[in-house]
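I have placed the structure first, in the form of structure tokens, so that the comments after it can refer back to it.
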Amino acid sequence: MWHKIPAPANFRYPSLAQAPKSGHLHLSDDDGEVRIAAGTDDTLSIRVALGKSRGDVPTPLIAPYPVPVSCEDGSVIAGALSLQRFADGSIRILHRGSPLLDTPPNPFGFSGRRQIALFNFHGNPVVYGLGEKTGPLNKAGKSYQFYNLDVVADHPHHFTTDHYDPAYVSIPLYISRRGTEYYGILLDNPYRCFVHTGLHRDQAQGFHPALGLREPDEPVIAFGSYSGELSLTIIPGPSLREVVRRLARLTGTHELPPLWALGYHQCRWSYMSAAELHEVSNGLAKARIPCGALWMDIDYMEAFKVFTFRDDVFSAEQRREAFSAIRARGTRLVTIVDPGVKAEPGYHVFDEALDANLLCQTEAGQPYIGIVWPGRTAFPDFSLLETRTWWAGHIDRWLAEGIDGIWIDMNDPSTGPIDFTDMRFRHGTQEHDAFHNLYGNLMAEATRLGFEAHDPQMRPFILTRSASTGIQRHAAVWTGDNASNEAHLAMSIPMSLNLSLSGVAFNGPDVGGFMGDASEELFRTWMLAGSLFPFFRNHSCAGTRRQEPYAYSEETLGIVRNLVNTRAKLLPYLYTLFAQHQRDGDAILRPLSYEFSGEEYETIGDQFLVGPSLLAAPFVRVDQKERSVVLPEGWWFALHEGGWIEGGKSVLVLQEHQQILFVRDGSIIPTAVGADHFPQPDLSRVELHVFRHSVPEAVGELYQDDGETKAYAAGAYRSLRVRSGAEGLSVEILHDGYSAAPREAVVYHYEADAAESVEWPFQSYQVRREMLSLAATH
Ligand code: MIG
């Protein structure tokens, strides 16, 4: 089923009559209508409602607020974008007068409730986005489906492959480039969707879907929905960064997470008792590994009943003891919370939901039953406001148990062997697919409301498996059940990069791999590759080899200690990136083309940037002894070797169990002080690392606040910009609302003939040192 793709040939494409109408271009005939309007922020909105599709259910976006424009003569102007329609029914979209997109004649089609929009395919230099997808960084030339699935349950043996589709997350955002201009097309529709990123005749052999083109000589990219209104938003660039920033203005950003959530997360299915959690914390402490949070998977529950603890091994007394010891190390506690409610009369959560009519129902109005961990399982209908409010109340009480973060799983929704299409919404009146892809977002929203109910000043930390467009307003995303093998390690980089470009800056994989045993070499290689992803969690499946860092050799443990300490040291830089994401919408994990233009950088999927300044080039195969790294133009400081290298070429690096990391010339990186950050990095002091080789000036920003509350939203933060040039250092205070921020910093200049040294976790470097006052602008 999942590999069957609707073919353009099977849709009917009416030739629509055109009429200017109250500020939008209106196309219609007996089959329905298409409305084209200017949207906010220089975007264009195309809303297709043809055939039997219906537009009466909510869309994942907040709606593409149309902006009234005059559109006589079949043209619509939206800032730098303009759209023209021609007599043959084709459409052209220009950006500042140069062509960006064009369509064949009569590009909008329908087949029953399905709809499609075609654009001419001109050969794609590159395609990005599409949310959480397997495969290489470049998504060109394929067909993709958008329908949230429990990957392991619905693609049997997926873990032996690295090309399953769809996965847990549906974000039909297409980003490509025409000439020098990047642009985006966001398909906003809650139903199952599909995107063809370039169907053309050359592919049309064997059983290729390109044989299903409308006309063999009409190569297209196509956007389609299985029902509902087909709403497309055209997002101009011209840079990749500008597309991502505009997407953030349309679909939202993450709010600043609590600082602890940027630390190293230790998880496993499951730590089986409060005592075992305590032991894991002790193990990490003995190894001097700073740990942001310890996680409780499903086995803490009594008979897998949500919002309960087993009384024998997670009693209130046992929890109090273990949690307080764990907290004393600055480590926080996260529990999984599944949507499924055990359908057992007498279990208070089930009784409440049943009595208040909050459960998903069948068409006949019975509670829908799936088979998941609790056995017979009912599902909260999160499409109802009253359900979200009720759920928030449970989350509120749950947080009061001393829980800091919530991990929402199985919200695809996963119903085991039972067909989920019998699960309907809004008291059985709405078909399953109207809310299927939204279930994860709605559950995340309800969970976030629970944090707000608990303490409006508390920053939520929520991690979700399933999601659709805009999830970043509510939660971070992990990429679900991967496997402990090289293919999944290699895939994790492009997957997280494209998810980042799709608006979900705070994401990451199960580092080390979930299914199967992680060999020592694989574990080490994956930790080396994954420790600077925005979300960094080591998680593994029940029944697999223990995957805590201390379960491996002393040598591996030492490497992991250095990796976690490097991340902890870089926390001021990473946290500043999160603040900038919230402010500007920028991605945190970035492909090279986010910062550097040039085709040679566009498809590199085994390197990534963390913010503007750090370039990582990890090994993704355990037996690889050396690899080449594409270094963009300019100079780079190789942290793994401790020296400056000129870019604009490829360089060879050796696998010596080092983190392969380069700092871009012109960067100033704020860090915590020193090399040992156990138990937690101390952010009351700060170091600034100036990397200036052949540019006139280095620049860096630092954002600081209490790391915990929402006081920052009322101005309780400090941010500053530091510059270093021939004239020396200067500080510009951008905002001065946080008095606990450090008022001075040690500055290290990474210069060739420097005499002093500074220590990082993996090694020390030769530097020139000076003190800098951060007290005021100077
Ligand atoms: O049916 O809670 O993706 O991270 O450890 C499996 C047990 C349910 C799936 C999640 C995984 C988690 C596991 N869960």
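The values are calculated or read from the model by the stated rules, or taken from the named source; none is laboratory data. This is a predicted model, so every value here is computed, not measured. As a convention, Cβ positions derive from the backbone with ideal geometry for all residues, glycine included, and neighbour counts pool all protein chains shown. Just the protein is used for accessible areas: all its heavy atoms, side chains included, with ligands, DNA and RNA removed. Shrake-Rupley method; radii C 1.70, N 1.55, O 1.52, S 1.80 Å.
Apart from one condition, G530 fits all of (1) more than 16 Å from the ligand (Cβ to nearest atom); (2) closer than 27 Å to H689 by Cβ; (3) out of contact with any His (no Cβ under 9 Å at 6 or more places or on another chain); the exception is (1).
Please go through the stretch 662-712 and pick out each residue that is free of Cβ contacts under 8 Å to residues at least 60 places away in the same chain, open to solvent by 30 Å² or more (accessible area, probe 1.4 Å) and not charged (D, E, K, R). Residues satisfying the conditions are S684, H693, P696, V699. Filtering the stretch 620-638 to residues that are open to solvent by 10 Å² or more (accessible area, probe 1.4 Å) and in a loop (DSSP other than H, G, I, E, B) leaves V620, R621, V622, D623, Q624, K625, E633, G634. Residues of the stretch 659-671 that are in contact with a Phe, Trp or Tyr (Cβ under 6 Å, 6 or more places away or on another chain) and assigned to a loop (DSSP other than H, G, I, E, B): D665 alone. Restricting attention to the stretch 596-612, the residues that are open to solvent by 10 Å² or more (accessible area, probe 1.4 Å) and touching a residue at least 40 places away in the same chain (Cβ under 8 Å) total 7. D297 passes every criterion in (1) among the charged types (D, E, K, R); (2) within 15 Å of the ligand (Cβ to nearest atom); (3) within 23 Å of S468 (Cβ to Cβ) apart from (3).
Within the option set A587, A616, being in contact (Cβ under 8 Å) with a residue 60 or more places away in the chain, buried (at least 24 other Cβ atoms within 10 Å of the Cβ) and not basic (K, R) holds for one residue only, A587. Each residue in the stretch 273-294 was checked for being within 16 Å of the ligand (Cβ to nearest atom) and within 16 Å of V564 (Cβ to Cβ), and 3 pass.
Quick check on my filter: what residues within the stretch 335-360 are assigned to a helix (DSSP H, G or I) and either without any contact (Cβ under 8 Å) to a residue 40 or more places away in the chain or within 16 Å of the ligand (Cβ to nearest atom) (or both)? Matches in the stretch 335-360: H348, F350, D351, E352, A353, L354, D355. One residue stands out among those in the stretch 387-424 that are open to solvent by 40 Å² or more (accessible area, probe 1.4 Å) and of a type in the set (A, V, I, L, M): the one that is farthest from the ligand (Cβ to nearest atom), which is A400.
Among the criteria (1) of a type in the set (A, V, I, L, M, F, W, C); (2) open to solvent by 10 Å² or more (accessible area, probe 1.4 Å); (3) away from the ligand (no atom under 16 Å from the Cβ), the one L489 does not fulfil is (2). From the residues in the stretch 533-570 that are open to solvent by 10 Å² or more (accessible area, probe 1.4 Å) and part of a loop (DSSP other than H, G, I, E, B), which one is farthest from the ligand (Cβ to nearest atom)? For the stretch 533-570, the residue satisfying everything is S553.
Name the residues in the stretch 308-334 that are assigned to a strand (DSSP E or B), away from the ligand (no atom under 15 Å from the Cβ) and not basic (K, R), would you? Passing the criteria: only L333. Within this structure, D299 fails the test of being part of a loop (DSSP other than H, G, I, E, B) and either open to solvent by 10 Å² or more (accessible area, probe 1.4 Å) or at pLDDT below 95 (or both).
Looking only at the stretch 31-62, residues that are open to solvent by 30 Å² or more (accessible area, probe 1.4 Å), within 28 Å of L442 (Cα to Cα) and either modelled with pLDDT under 90 or of a type outside the set (K, R) (or both) come to 9 in all. Can we say L211 is assigned to a helix (DSSP H, G or I) and either among the aliphatic types (A, V, I, L, M) or at pLDDT 90 or above (or both)? Yes; evaluated as a whole, the condition is true for this residue.
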